[in-house]
1. Does any residue of segment 51-69 turn out to be of a type in the set (Val, Ile, Thr), crowded, with 18+ Cβ neighbours inside 10 Å and closer than 24 Å to ALA11 by Cβ?
2. If I ask for residues that are touching a residue at least 24 places away in the same chain (Cβ under 8 Å) and either under 14 Å from ILE144 (Cα atoms) or part of a loop (DSSP other than H, G, I, E, B) (or both), which ones from segment 6-28 would you list?
3. Conditions: (1) free of Cβ contacts under 8 Å to residues at least 12 places away in the same chain; (2) of a type in the set (A, V, I, L, M); (3) over 15 Å from MET1 (Cβ atoms). VAL54 meets all but one. Number of the miss?
4. Go through (1) closer than 20 Å to VAL149 by Cβ; (2) surrounded by fewer than 12 Cβ atoms within 10 Å (Cβ to Cβ); (3) of a type outside the set (Lys, Arg) and name the single condition ASP93 misses.
5. Check segment 31-51 and report whether any residue there is within 22 Å of ALA99 (Cβ to Cβ), in contact with a Phe, Trp or Tyr (Cβ under 8 Å, 6 or more places away or on another chain) and in a loop (DSSP other than H, G, I, E, B).
6. Can you tell me which condition GLU110 does not meet? The list is (1) touching a Pro at 6+ places or on another chain (Cβ under 9 Å); (2) outside any loop (DSSP other than H, G, I, E, B), and all the others hold.
7. So which residues in segment 70-89 are surrounded by 12 or more Cβ atoms within 10 Å (Cβ to Cβ), out of contact with any Pro (no Cβ under 7 Å at 6 or more places or on another chain) and farther than 16 Å from LEU112 by Cα, if there are any at all?
8. Would you confirm, using the coordinates I've provided, whether GLY116 is surrounded by 14 or more Cβ atoms within 10 Å (Cβ to Cβ) and farther than 18 Å from ASP37 by Cα?
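The values are calculated or read from the model by the stated rules, or taken from the named source; none is laboratory data. Values in this document were obtained by computation on a predicted structure and should not be read as measured data. Cβ atoms come from the backbone with ideal geometry, glycine included; neighbour counts cover every protein chain shown.
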Amino acid sequence: MLAVVQRVSWAEVEVEGEIVGRIERGLVVYVGVERGDGPAERTILARKLVELRVFPGRTPFDIDVREANGALLVISQFTLMAGLRRGRRPSFDSAETPAHAHAALEALIEDLRGLGVGVATGRFGAHMRVRSENDGPVTIPIVIRGGAVQ
C-alpha cells in the first residue's frame with residue numbers, strides 16, 4: 001500500500017457538486033492499493049497513520065492525530081500506483097483490481113475507526129474534487145510492502 005499524507009487545517013472532498021467528506025484539523029490521506037496487499041499491509045498502515053507524530057506540541061512534530069483532536073480524510077487514489085518506466089503515459093499494472101482495492105480501502109477505514117480516530121472519506125471510483133488548506137506544509141509518503149514499512 002502507498003499513502004501520501006498531508007497535514008491540513010481543513011479539507012473537503014466533493015463528488016458531483018456534493019460535499020461527501022469534510023474534516024477540520026487533521027490529515028488528508030491519499031491511498032493506493034497494490035496487487036497483493038493484504039491484512040498485514042493494511043494493519044501497519046492504519047497504525048502508522050494514527051500514531052504518526054506530525055502535529056506540534058512541545059516540538060514541531062510531537063503529537064499524533066488523536067492527541068491533536070484531529071481527523072482523517074481518506075481518499076482512494078489508484079494513480080499513486082503509476083509506473084513511469086516506459087513512455088510518457090503512466091502504467092497502472094501494479095494497481096489492485098477495483099473490487100479488491102475497494103474492499104481493502106473499506107477495511108482500512110474500519111481499522112482506522114477502530115483505533116479511535118474520526119474518518120471522513122471520498123467516494124471510491126468517483127471523480128472527486130479535493131480542497132484543503134495545507135498546514136506547514138507537511139507531506140509524507142508512506143510505502144508498505146511485504147508487511148513492512150519501506
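1. The initial filter retains those residues of segment 51-69 that are of a type in the set (Val, Ile, Thr), namely 54, 59, 63, 65.
Checking the rest, the ones that are also crowded, with 18+ Cβ neighbours inside 10 Å come to 54, 65.
Remaining after also requiring closer than 24 Å to ALA11 by Cβ: 54, 65.
Yes, there is a match, as at least one residue in segment 51-69 is of a type in the set (Val, Ile, Thr), crowded, with 18+ Cβ neighbours inside 10 Å and closer than 24 Å to ALA11 by Cβ.
2. Once the filter is applied, which keeps residues that are touching a residue at least 24 places away in the same chain (Cβ under 8 Å) and either under 14 Å from ILE144 (Cα atoms) or part of a loop (DSSP other than H, G, I, E, B) (or both), segment 6-28 yields GLU16, GLU24, ARG25.
3. VAL54 satisfies all of (1) free of Cβ contacts under 8 Å to residues at least 12 places away in the same chain; (2) of a type in the set (A, V, I, L, M); (3) over 15 Å from MET1 (Cβ atoms) except (1).
4. Only one criterion in (1) closer than 20 Å to VAL149 by Cβ; (2) surrounded by fewer than 12 Cβ atoms within 10 Å (Cβ to Cβ); (3) of a type outside the set (Lys, Arg) is unmet by ASP93, namely (1).
5. Checked against the condition, which is being within 22 Å of ALA99 (Cβ to Cβ), in contact with a Phe, Trp or Tyr (Cβ under 8 Å, 6 or more places away or on another chain) and in a loop (DSSP other than H, G, I, E, B), segment 31-51 yields at least one hit.
6. (1)
7. GLN77, PHE78, LEU80, MET81
8. Values: surrounded by 14 or more Cβ atoms within 10 Å (Cβ to Cβ): no; farther than 18 Å from ASP37 by Cα: yes.
Criteria not met by GLY116.
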